[in-house]
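The values are calculated or read from the model by the stated rules, or taken from the named source; none is laboratory data. Being a predicted model, the structure only gives us computed values, none of them experimental. Backbone-built Cβ (ideal geometry, glycine too); neighbour counts: all protein chains shown. Heads up: the accessible areas ignore ligands, DNA and RNA and are worked out on the full protein's heavy atoms, side chains in. Shrake-Rupley method; radii C 1.70, N 1.55, O 1.52, S 1.80 Å.
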Amino acid sequence: MKALILVDIQNDFLPGGSLAVPEGDTIITTVNQLQPQFDLVVATQDWHPSNHLSFASNHDGLKPFDMIDLFGIKQVLWPDHCIQGSEGSQFSETLDMNAVSAIFRKGMDPKTDSYSGFFDNGRRHHTGLSAYLKSKGIKQVYVCGLAADYCVYYTAKDAQSEGFETYFISDATKAIAQETLDFALKDLKQHQVKIISTKDL
Ligand code: VGL
Ligand code: ZN
């Protein structure tokens, strides 16, 4: 049984959003067309309170993309994004959500960022996604969405570590930056995640 995870396809990560991924909108047609090939489709949703410590605005004198140490974990500071209930936190209107059986929200703890759909960055809490997929008999996990070099990367890495045979669909994701994408792809390959394109499906 194969599952497709739609990672964070939310307005703030699309052109016009506060943390827009370049060309992020161009994956949505592909993502919609992919869905019928899977036994299960789930989505993740970045869902931050406004006092979230990953926001540069919550640190005096610091600006977006500065790096800090946040309780022992390296943290990129972001523009405010995906604030719970805001327009930016909503899924794109063009994303087909009809087949999505469950939504896993993350990033609610103001003190911890959460890139992966499975665990927070400190691996202290899980979202329930792994147990959900296992309860549905899923053995293969395919990951797409935004952003390739952050939430898609960490979600794929954790899926593999949770024992799923994991596929990163390279043409159904877009990155914030090339350098971080190159690092992510190298690391995923080292962890046995398979990098594929939709034509391989
Ligand atoms: C993401 C940065 C901060 C993502 C979420 O969805 O890739 N990136 N929060
Ligand atoms: Zn976030």
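Just a few scattered comments:
- Annotation: amide H of Y115 within the under-5 Å range of N121, sequence separation 5 or more or interchain, hydrogens built in the peptide plane.
- When a 1.4 Å probe is rolled over the protein heavy atoms, the share of accessible surface on segment 27-130 that falls to carbon and sulfur comes to 50 percent.
- Residue-averaged [θ]222 nm for the chain, counting only DSSP H segments that reach four residues, each worth -39500 (n - 2.57): -5000 deg cm²/dmol
- Couplings 3J(HN,Hα) of segment 52-57, computed from phi: 5, 7, 7, 8, 4, 4 Hz, in residue order, whole Hz [Karplus 6.51 cos²θ - 1.76 cosθ + 1.60, θ = phi - 60°; x for Gly and Pro].
- In the structure shown, the pairs K134/K199; K2/K186; K63/K157; K63/K111 are assessed against 21 Å; a Cα-Cα span above that value is assigned to K134/K199; K2/K186; K63/K157.
- Think of a 1.4 Å ball rolled over the protein heavy atoms: segment 48-139 then has 53 Å² of accessible area per residue.
- Applied to segment 147-157, the Karplus parametrisation 6.51 cos²θ - 1.76 cosθ + 1.60 on θ = phi - 60° returns per-residue 3J(HN,Hα) values of 9, 3, 8, 10, 6, 6, 4, 5, 5, 5, 4 Hz, with x for Gly and Pro.
- Principal axis box of the chain, alpha-carbon based, largest edge first, Å: 48, 33, 31
- Amide H to amide H distances under 5 Å link G145 with V7, T173, K174, where only residues 5 or more positions off or on other chains count and H is placed in the peptide plane.
- Sites R124 and V100, calculated FRET efficiency, Cβ-Cβ separation with R0 22 Å, nearest 0.05: 0.25
- Segment 42-201 - share of DSSP beta bridges that are antiparallel (%, nearest 5): 25
- Between segment 10-82 and segment 130-179, the Cα center-to-center distance that results, in Å: 15
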